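Peer 1: Quick one: the structure is below, questions incoming.
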Amino acid sequence: MGSLTRDRARRQPDDAVREPGPDSRAFHGALSGNPNSMSRYRRGGNEAGTVIAVIADVMAGIIGLWILMYLLDANRANDLVEFVHDAAAWLAGWSHDLFTFDEAWARVVCGYGLAAVVYLFVGHAIAGRLHRH
């Protein structure tokens with residue numbers, strides 16, 4: 001107990017406030033209110049890469065939403081569920097019957113999931129490439 005008390009006594013009030021080190025610049029830049037520091041795609045001047053990344057994210061999001069709705073047994077008579085299913089079927093038309101598992105849920109997860117992963121990978125690869133040039 002004695003050494004703990006002595007350590008506290010030796011501290012100066014400035015010990016509690018430390019200057020951020022070089023590793024914390026990226027974190028503090030994101031909190032500075034600068035919207036350009038929040039996204040890794042907004043740093044460059046090429047907005048086409050940002051648009052492509054956002055489109056890829058939306059496409060994968062629609063497919064992911066359909067997978068979730070299917071697994072949760074959403075009401076197919078609902079207009080929103082029907083819209084999401086139609087959009088996902090169109091986006092994953094090339095892959096939704098690619099696998100022939102016995103279980104229907106496995107076919108949906110793998111077929112539609114593959115399309116979502118491909119859209120994310122290709123879209124973000126193209127966006128990253130555009131931002132480098």
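The values are calculated or read from the model by the stated rules, or taken from the named source; none is laboratory data. Quantities reported herein were computed from a predicted structural model and do not represent experimental measurements. Quick reminder, even Gly has a Cβ in these numbers, built from the backbone with ideal geometry, and neighbours come from all protein chains shown. Surface accessibility is based on the protein's heavy atoms, side chains included, excluding ligands, DNA and RNA. Shrake-Rupley method; radii C 1.70, N 1.55, O 1.52, S 1.80 Å.
Here's the yes/no breakdown for (1) closer than 20 Å to residue 119 by Cα; (2) modelled with pLDDT under 95; (3) of a type outside the set (Val, Ile, Thr):
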position: 52; (1), (2), (3): yes, yes, no
position: 55; (1), (2), (3): yes, no, no
position: 61; (1), (2), (3): yes, no, yes
position: 65; (1), (2), (3): yes, no, yes
position: 75; (1), (2), (3): no, yes, yes
position: 81; (1), (2), (3): no, no, no
position: 92; (1), (2), (3): yes, yes, yes
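Peer 1: Do we have residue 91 as open to solvent by 60 Å² or more (accessible area, probe 1.4 Å) and hydrophobic (A, V, I, L, M, F, W, C) here?
Peer 2: The answer is no for residue 91.
Peer 1: Now a separate question. Would you confirm whether any residue within segment 117-129 is of a type in the set (Lys, Arg) and under 29 Å from residue 48 (Cα atoms)?
Peer 2: yes
So that you can scan it fast, the table gives a plain yes or no per residue for (1) in contact with a strand residue (DSSP E or B) (Cβ under 7 Å, 6 or more places away or on another chain); (2) more than 24 Å from residue 74 (Cβ to Cβ); (3) in a helix (DSSP H, G or I); (4) at pLDDT 95 or above:
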| site | (1), (2), (3), (4) |
| --- | --- |
| 84 | no, no, yes, yes |
| 97 | no, no, no, no |
| 102 | no, no, no, no |
| 107 | no, no, yes, no |
| 111 | no, no, yes, no |
